[in-house]
Amino acid sequence: MRALRWTILLGLAVFCVAAVTTWAVAKPQDLALLKQLYAPKEGTDLAKANCLACHSKMPPTKTDLNPYGKDLQKAAAGRPVDEKAFRAIEKLDSDGDGISNLDELKAGTLPGDPKSKPKR
Ligand SMILES: [Ca+2]
């Protein structure tokens, strides 16, 4: 009886670690892809934002996406985020600040935060 209880507890612990690890590993890939595609210059809002390029707070969770993160999630349509999803929302202005996502990404500002936009 005691051994069974320990087995169940151990199984639960392994499951929790696996779930957390999967989540923690999946998203930095999206960030790595964003940096690979748009190569933000050091010191820009985008380079400093990391998770906050798509999330509205730290630590990031699945549901706290900013407007750009939401559009990206929509474009990925349930599949892992890929280059196609990033390209599909380049022409949008997710944060509604009047500057397209692509222009913001090229300028190193945040396409999901209207307070961060290129100076004109
Ligand atoms: Ca914008």
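Below are the figures for this structure:
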{"item": "Cα point-scatterer Debye curve for segment 61-120, base-10 log of I(q)/I(0) at q = 0.13, 0.15 Å⁻¹", "result": "-0.30, -0.40"}
{"item": "Magnitude of the charge dipole, the chain, Cβ model with Lys/Arg +1 and Asp/Glu -1, debye to 20", "result": "360"}
{"item": "Label-to-label distance, nm, for residues given as residue 3 and residue 82 (7 Å Cα→Cβ offset)", "result": "4.8"}
{"item": "Label-point separation, residue 62 to residue 37 (7 Å along Cα→Cβ), nm", "result": "2.2"}
{"item": "Expected 222 nm ellipticity per residue - DSSP helices of 4 or more, -39500 (n - 2.57), all of the chain, to 500", "result": "-17000 deg cm²/dmol"}
{"item": "Ratio of the Cα radius of gyration of the chain to 2.2 N^0.38 Å, where N counts its residues", "result": "1.33"}
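Read-outs throughout are calculated quantities, based only on the coordinates presented, and are distinct from any laboratory measurement. Only a predicted model underlies this, so the values are computations on that prediction, with no experimental measurement involved. So basically every Cβ, Gly included, is an ideal-geometry build from the backbone, and we count neighbours across all protein chains shown.
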